[in-house]
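Taking it in order: structure first as structure tokens, then the write-up.
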Amino acid sequence: MNKRFLPTLAISLFLFLIGNAQDAPTRSRDGVLALELGASLNYYYGEPGQNIDKFENDRVNWQLNGMLGITIAKDRADRRTMLAAFGAFGFNNSNTLASLLQDQQYTSAATSQAQENNFYQVEGGIMILDMIRLSTGVGQQNFNSQSLIYSNGILTNATYFKYNSSTVGVKLNLGPVAWTLNCNFAYGQDYNKTVITPNTGLMLRF
């Protein structure tokens, strides 16, 4: 895949959404409850301040996203502020998992990693004016059973890492569809270092 393809696609999608925003309803969808489901591409940057100056195709992965919110306030334009639960389920490829292990200072005894390593995140937080997301929770990265060597010893038959998960993001609503741009921070528990993973995608609004 050409290294310029994904950035060009993201910019084109953004311009398309901006161009059509004037035709979308200016008010939020009705009802106390809000449900959104969609998918996005994510990019594993790793530790903050590293790998910023280059783009690597093997750090690109995908995930499914969901949100369930309950309205607690509305502004004059009928935009809702909600308490919300967020969920994500996705897959990291073998190269991304290898980078993650290196960032967390683990050395694996496995000769190779699985091509798809699933992860999930569950967070609770707030959606301000149906546009700005602030949330935090927990996550788990799964992988094939292997022994891991780290500074305090050896983990035998390890199959997952648990971590704390926090996300900040923005959302552009276009009627029944929303474009999202989020940045996830994974840290603590089995993680020795904080890593960041931005993602962008589309959500269907119900």
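Residue count for the range 100-120 under the criterion of being polar (S, T, N, Q) and in a strand (DSSP E or B): the result is 4.
Of the residues making up the range 68-93, just one is over 27 Å from residue 144 (Cβ atoms), without any contact (Cβ under 8 Å) to a residue 40 or more places away in the chain and not aliphatic (A, V, I, L, M), namely 76. Under the condition of being of a type outside the set (Gly, Ala, Ser) and exposed (fewer than 13 other Cβ atoms within 10 Å of the Cβ), the residues counted in the range 150-161 number 5. Is it fair to say residue 55 is touching a residue at least 40 places away in the same chain (Cβ under 8 Å), within 25 Å of residue 170 (Cβ to Cβ) and touching a helix residue (DSSP H, G or I) at 6+ places or on another chain (Cβ under 8 Å)? Yes.
In the range 165-203, the qualifying residues are those that are of a type in the set (Ser, Thr, Tyr) and farther than 14 Å from residue 135 by Cβ, and the one that is farthest from the chain's Cα centre (by Cα) is 191.
With the condition kept exactly as written, say whether any residue in the range 169-176 is surrounded by fewer than 17 Cβ atoms within 10 Å (Cβ to Cβ), in contact (Cβ under 8 Å) with a residue 24 or more places away in the chain, in a strand (DSSP E or B) and among the small types (Gly, Ala, Ser). Scanning the range 169-176 turns up no residue that is surrounded by fewer than 17 Cβ atoms within 10 Å (Cβ to Cβ), in contact (Cβ under 8 Å) with a residue 24 or more places away in the chain, in a strand (DSSP E or B) and among the small types (Gly, Ala, Ser). Of everything listed in (1) touching a Ser or Thr at 6+ places or on another chain (Cβ under 6 Å); (2) surrounded by fewer than 16 Cβ atoms within 10 Å (Cβ to Cβ); (3) part of a loop (DSSP other than H, G, I, E, B), the single unmet condition for residue 189 is (1).
Mind checking which residues of the range 33-65 are outside any strand (DSSP E or B) and buried (at least 16 other Cβ atoms within 10 Å of the Cβ)? Spell out how you get there, then give the answer.
Residues of the range 33-65 outside any strand (DSSP E or B): 44-45, 47-59.
44, 45, 51, 59 - these are the residues of the range 33-65 that are outside any strand (DSSP E or B) and buried (at least 16 other Cβ atoms within 10 Å of the Cβ).
Can you name the residue in the range 121-143 that is surrounded by fewer than 22 Cβ atoms within 10 Å (Cβ to Cβ) and not in a strand (DSSP E or B) and, of all such residues, is farthest from the chain's Cα centre (by Cα)? It comes out as 129. Here are the criteria: (1) at pLDDT below 95; (2) small (Gly, Ala, Ser); (3) surrounded by fewer than 14 Cβ atoms within 10 Å (Cβ to Cβ). Tell me which single one residue 110 does not satisfy. Of the numbered conditions (1) at pLDDT below 95; (2) small (Gly, Ala, Ser); (3) surrounded by fewer than 14 Cβ atoms within 10 Å (Cβ to Cβ), the odd one out for residue 110 is (3). Checking each residue in the range 100-141 for being in contact with a strand residue (DSSP E or B) (Cβ under 6 Å, 6 or more places away or on another chain) and of a type in the set (Gly, Ala, Ser) picks out 108, 109, 110, 114, 124, 125, 135, 137, 139. The set of residues in the range 56-92 being more than 15 Å from residue 32 (Cβ to Cβ) and out of contact with any Phe, Trp or Tyr (no Cβ under 8 Å at 6 or more places or on another chain) consists of 56, 57, 58, 75, 76, 77, 86.
The values are calculated or read from the model by the stated rules, or taken from the named source; none is laboratory data. These numbers were taken from a predicted model, which means no experiment stands behind them. Positions of Cβ are backbone-derived with ideal geometry, glycine not excepted, and every protein chain shown enters the neighbour counts.
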